[in-house]
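Reviewing the structure listed below.
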Amino acid sequence: MMVRLNLALLAILIGCALALVTSQHQARKLYVELQKEQELAKQLDVEWGQLQLEQGTWAMHGRVEKIAVEQLNMRVPPPSRIQVVPAAAPEANP
């Protein structure tokens, strides 16, 4: 009877040890994956900042005006040709 109990406890102990090793391995794999994803997030943050700077550069008023004049032959109209249209008041919903 005591031998069976010892064998059962030994089997339970081996099962627990294998479960512990498996869970530690899984945790390490997930940690490595987490680090890779965090590195990717940092790279994407840097790229996002660069794209925002680039967008700001492309949309600068001076650059847009220069392209309008040089490539599209656009000019600012004389004041006599400018008409100011007042904004329409929003309609009330009945």
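Throughout, read-outs are computed from the coordinates displayed, never taken from laboratory work. What you see is a predicted model, and the numbers here were worked out from it, not measured in a lab. Positions of Cβ are generated from backbone atoms using ideal geometry, with glycine treated the same way; all protein chains shown enter the neighbour counts.
Residue by residue, segment 71-88 carries 3J(HN,Hα) couplings of 9, 9, 6, 8, 9, 6, x, x, x, 5, 9, 8, 10, 9, 9, x, 5, 6 Hz when phi is fed to the Karplus relation 6.51 cos²θ - 1.76 cosθ + 1.60 (θ = phi - 60°); x denotes Gly or Pro.
Taking R0 as 30 Å, what's the FRET efficiency between L9 and V32 from their Cβ-Cβ distance, rounded to 0.05?
0.30
Against the chain, whose longest principal axis is taken from its Cα atoms, helix 61-70 shows a tilt of about 60°.
In a fully extended conformation the segment linking V21 and I82 would gain 14.1 nm over its present Cα-Cα distance, using 0.36 nm per residue. With distances taken between every two different alpha-carbon atoms, the chain has a Kirkwood hydrodynamic radius of 21.8 Å. Applying a DSSP loop filter and a limit of 10 other Cβ atoms within 10 Å to the GluC sites (Glu not before Pro) in the chain leaves E91.
Residues in segment 11-17 carry Karplus couplings, in order, of 5, 5, 4, 5, x, 5, 4 Hz; the curve used is 6.51 cos²θ - 1.76 cosθ + 1.60 with θ = phi - 60°, and Gly or Pro positions show x. Placing +1 on the Cβ of every Lys and Arg and -1 on the Cβ of every Asp and Glu, with nothing else charged, gives segment 1-43 a dipole about its Cα centre of roughly 100 debye. For segment 1-85, trypsin sites (Lys or Arg not before Pro) meeting the loop criterion (DSSP other than H, G, I, E, B) and having at most 10 other Cβ atoms within 10 Å: R75.
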